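The values are calculated or read from the model by the stated rules, or taken from the named source; none is laboratory data. Being a predicted model, the structure only gives us computed values, none of them experimental. Please note: Cβ atoms are built from the backbone with ideal geometry, for glycine as well, and neighbour counts cover all protein chains shown.
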């Protein structure tokens with residue numbers, strides 16, 4: 001394990017990964033989980049006010065999660081998450097977009113009841129290739145404290 | 001279109017759908033989007049404090065979204081969502097669990113800038129077959145107003 005609760009430093013911002021989305025995966029995700037016309041139907045999407053297929057916001061969140069896991073959670077003493085606050089889908093994600101994900105540590109809270117862990121609160125942002133912020137969210141991660 | 005902004009009545013709670021999750025889909029989702037050991041690796045999960053494979057919280061959110069689309073959004077004048085607040089993963093979701101999804105209208109806000117639409121704020125809950133609340137979230141949906 002490389003990272004424990006103690007390694008989360010408030011204010012640290014780092015890139016955790018990037019991903020280029022294609023239309024096939026946008027439509028595949030949305031057919032299973034969010035089959036609204038502007039996510040799954042190119043013709044209907046072209047007529048909508050989005051002007052073309054856009055990714056489900058949940059797909060963007062899921063891609064951010066994957067970046068967080070690959071970027072550091074896979075090598076961290078992470079114990080899961082009690083939740084996420086303030087997800088904002090700020091800009092459409094379209095086929096061909098390359099998203100880069102950043103994570104910033106906002107707050108660290110040692111557990112009041114369990115001496116072996118704490119909560120790390122972090123802001124995750126997704127930016128596209130033009131620098132548009134397409135999504136932000138504030139997540140909580142339970143992490144083990146470094147063993148004595 | 002069956003449902004417009006005007007049809008969202010504060011306080012209305014309704015069941016929007018249900019879904020039984022199996023281990024194959026839990027692992028498939030998590031391998032793509034959230035490959036932490038307690039989501040993808042049965043042996044590692046058995047050793048974790050979860051005691052077995054549990055669904056990614058994002059998977060539960062995605063299943064809730066699918067229920068919302070099938071339950072009413074597909075027949076509503078929905079224009080997408082600016083975001084979601086206060087997602088809380090309150091109880092593990094395990095293979096074989098049957099989740100039932102409920103949606104309650106909390107608040108309706110006519111748009112200040114665009115006369116043809118408004119925002120509906122709703123609470124979505126997922127309960128398992130034992131009545132445990134496994135997930136709650138508060139989402140925003142843009143909806144068209146009923147044409148005059």
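With respect to residue B:80, is the statement that it is farther than 18 Å from residue A:81 by Cα, surrounded by fewer than 23 Cβ atoms within 10 Å (Cβ to Cβ) and within 13 Å of chain A (Cβ to nearest Cβ) true? Steps first, please.
On the way: farther than 18 Å from residue A:81 by Cα: yes; surrounded by fewer than 23 Cβ atoms within 10 Å (Cβ to Cβ): yes; within 13 Å of chain A (Cβ to nearest Cβ): yes.
It is true that residue B:80 is farther than 18 Å from residue A:81 by Cα, surrounded by fewer than 23 Cβ atoms within 10 Å (Cβ to Cβ) and within 13 Å of chain A (Cβ to nearest Cβ).
Counting only residues that are under 24 Å from residue A:141 (Cβ atoms) and crowded, with 17+ Cβ neighbours inside 10 Å, which one in the range A:8-36 is nearest to the other protein chains (Cβ to nearest Cβ)?
By that ranking, first place goes to A:33.
Are any residues in the range A:37-70 in a helix (DSSP H, G or I) and surrounded by fewer than 17 Cβ atoms within 10 Å (Cβ to Cβ), and if so, which ones?
If the condition is that a residue be in a helix (DSSP H, G or I) and surrounded by fewer than 17 Cβ atoms within 10 Å (Cβ to Cβ), then A:42, A:43, A:44, A:46, A:47, A:70 are the ones that fit.
Just to be sure before I move on: is residue B:60 out of contact with any helix residue (DSSP H, G or I) (no Cβ under 6 Å at 6 or more places or on another chain) and in contact (Cβ under 8 Å) with a residue 60 or more places away in the chain in the structure I sent?
Yes; evaluated as a whole, the condition is true for this residue.
Identify, by number, the condition in (1) farther than 18 Å from residue A:129 by Cα; (2) away from every other protein chain (no Cβ under 12 Å); (3) at pLDDT 95 or above that residue A:43 doesn't meet.
Of everything listed in (1) farther than 18 Å from residue A:129 by Cα; (2) away from every other protein chain (no Cβ under 12 Å); (3) at pLDDT 95 or above, residue A:43 misses just condition (3).
Taking the condition surrounded by 20 or more Cβ atoms within 10 Å (Cβ to Cβ), touching a residue at least 12 places away in the same chain (Cβ under 8 Å) and out of contact with any helix residue (DSSP H, G or I) (no Cβ under 7 Å at 6 or more places or on another chain), does residue B:126 pass? Don't jump to the end; show me each part of the working.
Values: surrounded by 20 or more Cβ atoms within 10 Å (Cβ to Cβ): yes; touching a residue at least 12 places away in the same chain (Cβ under 8 Å): yes; out of contact with any helix residue (DSSP H, G or I) (no Cβ under 7 Å at 6 or more places or on another chain): no.
For residue B:126, the condition - surrounded by 20 or more Cβ atoms within 10 Å (Cβ to Cβ), touching a residue at least 12 places away in the same chain (Cβ under 8 Å) and out of contact with any helix residue (DSSP H, G or I) (no Cβ under 7 Å at 6 or more places or on another chain) - is not met.
Residue by residue through the range A:129-148, note down the ones that are on the phi < 0 side of the Ramachandran plot, at pLDDT 95 or above and surrounded by fewer than 17 Cβ atoms within 10 Å (Cβ to Cβ).
A:129, A:130, A:132, A:133, A:145
For the range B:95-120, what are the residues that are over 13 Å from the mean Cα position of the chain (by Cα) and within 19 Å of residue B:72 (Cβ to Cβ)?
B:105, B:106, B:107, B:108, B:109, B:117, B:118, B:119, B:120
Any idea how many residues of the range A:11-35 are touching a strand residue (DSSP E or B) at 6+ places or on another chain (Cβ under 8 Å) and closer than 21 Å to residue A:128 by Cβ?
Residues that pass the stated criteria total 9.
Let me confirm something: among B:60, B:141, which residue is under 11 Å from the mean Cα position of the chain (by Cα) and either over 30 Å from residue A:45 (Cβ atoms) or within 12 Å of another protein chain (Cβ to nearest Cβ) (or both)?
B:60
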